[in-house]
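Here's the structure we're looking at; comments come further down.
The values are calculated or read from the model by the stated rules, or taken from the named source; none is laboratory data. For clarity, every value in this text was computed on a predicted model and none was experimentally measured. Backbone-built Cβ (ideal geometry, glycine too); neighbour counts: all protein chains shown. These accessible areas exclude ligands, DNA and RNA; they are computed on the full protein's heavy atoms, side chains included. Shrake-Rupley method; radii C 1.70, N 1.55, O 1.52, S 1.80 Å.
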Amino acid sequence: MIKFRAVVTTLIAIGAALPTSAQTYGDTLAAKIAAMQPGIVAVTIDAAGKDGKPIHVAWGNRGETSSSAPLADATGEPIGSITVSSSRRIDVARIARRAARRIYIADNLAEPDPFVPGAVRSARAQTLVDAAIDTNPDLVTLAMHVALPGADNTIIASNFGRIGKSADKDDAEIIAKGVTRRETTNNGRRLAVELPLLDASGRVIGALSTSFAMAGLANEARVTARAVAVRDALARRIPSLEALANK
C-alpha cells in the first residue's frame, strides 16, 4: 500500500497545478484527474443525475487516442462513463476507480465549485483529504468542517465538493462537546461517523465527517475505530488550525 506521507507529497504537487476556480465540481475533478497522471490531455464525464438528468463534463482538448470506462460513485453505484485522451498509454479503468472515490452522488458533478460563491478551499486540507481517500479503500466520504481564522465554520475540504457549505447544529455540538455521532445510511450499506477534528497537539479545531462501507465483518464498533484511526492520522499532519489556512 502506498504510504500516507508519500501520497501527501504527490498531491501537494498536483494541487499546485490545479485551477484556482472552476464552474462546477465536475470541472475541478476532471482537472485533478488530469494532473494525477502525466500525458492526459482531455477528460470527459457523462453521467445521469437525479431523475436521469444528463450531466456532461468536458476538460481539455480531446485527442485522437481516447479510452473509455464505466464510472461509478463512491458507493459503487453506476452513474455513467469517463473518457480520457492521453499522449501515452493509460489504464482508464484505474482512472475511473480514482474518480469514483471523489463522487458521492452523480449530482455532485453539476454543483458549483466552490459550492458557496467566494468560499475558499484549504489547499493543505484538500491535500490531506485526497491522501486519506487514496490510502483507505473502505472510506466513502470525508470532509473537514473548520472555522479558519477570520471565517465561519464551513467545509474547507472534501472528496465530494460542497466547499463553503455552512456547518450545522450537529457540527457545532461535536466541536463544542467533543461528542461522536453515527448514522447508518444507504439501506445499511454505509455508516457515517462524525467526530472532532484534532491538530497534532490534540486540540479540537473542527469536525470531521467520515463514512465507511458496511461490508463483510464491518460493524459500528469496527467502523468507528476506523474513523478514529483516519482522524488521528490526519491530526499528525496538522500542526495547528493556522496551518490549514496557509497555501
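Taking the listed residues Ala192, Ala132, the one that is at pLDDT 95 or above, more than 16 Å from Arg237 (Cα to Cα) and touching a strand residue (DSSP E or B) at 6+ places or on another chain (Cβ under 7 Å) is Ala192, with no other qualifying. Taking the criterion of being at pLDDT 90 or above, among the hydroxyl-bearing types (Ser, Thr, Tyr) and within 18 Å of Ala74 (Cβ to Cβ), the residues of region 157-189 that qualify are Ser158, Thr184.
Looking at the structure I just gave you, is Ala22 under 17 Å from the mean Cα position of the chain (by Cα) and either among the polar types (S, T, N, Q) or modelled with pLDDT under 90 (or both)?
On the way: under 17 Å from the mean Cα position of the chain (by Cα): yes; either among the polar types (S, T, N, Q) or modelled with pLDDT under 90 (or both): yes.
Yes; evaluated as a whole, the condition is true for this residue.
Are any of the residues in region 41-62 open to solvent by less than 70 Å² (accessible area, probe 1.4 Å), in a helix (DSSP H, G or I) and touching a residue at least 24 places away in the same chain (Cβ under 8 Å)? Within region 41-62, not a single residue is open to solvent by less than 70 Å² (accessible area, probe 1.4 Å), in a helix (DSSP H, G or I) and touching a residue at least 24 places away in the same chain (Cβ under 8 Å).
Taking (1) assigned to a loop (DSSP other than H, G, I, E, B); (2) within 17 Å of Arg190 (Cβ to Cβ); (3) touching a Phe, Trp or Tyr at 6+ places or on another chain (Cβ under 9 Å) in turn, Pro137 satisfies each apart from (3).
Please go through region 66-112 and pick out each residue that is hydroxyl-bearing (Ser, Thr, Tyr), in a strand (DSSP E or B) and open to solvent by less than 60 Å² (accessible area, probe 1.4 Å). Spell out how you get there, then give the answer.
Filtering region 66-112 for residues hydroxyl-bearing (Ser, Thr, Tyr) gives 66-68, 75, 81, 83, 85-87, 104.
From the residues that got through so far, the ones that are in a strand (DSSP E or B) too are 66-68, 81, 83, 85-86.
The answer is Ser66, Ser67, Ser81, Thr83, Ser85, Ser86.
Which ranges mark the strands (runs of 3 or more DSSP E) fully within region 140-223 that have 3 or more residues being farther than 15 Å from Arg121 by Cβ and of a type in the set (Lys, Arg)?
On the way: elements: 153-158, 181-185, 190-198, 204-213.
Per the criteria, no element qualifies.
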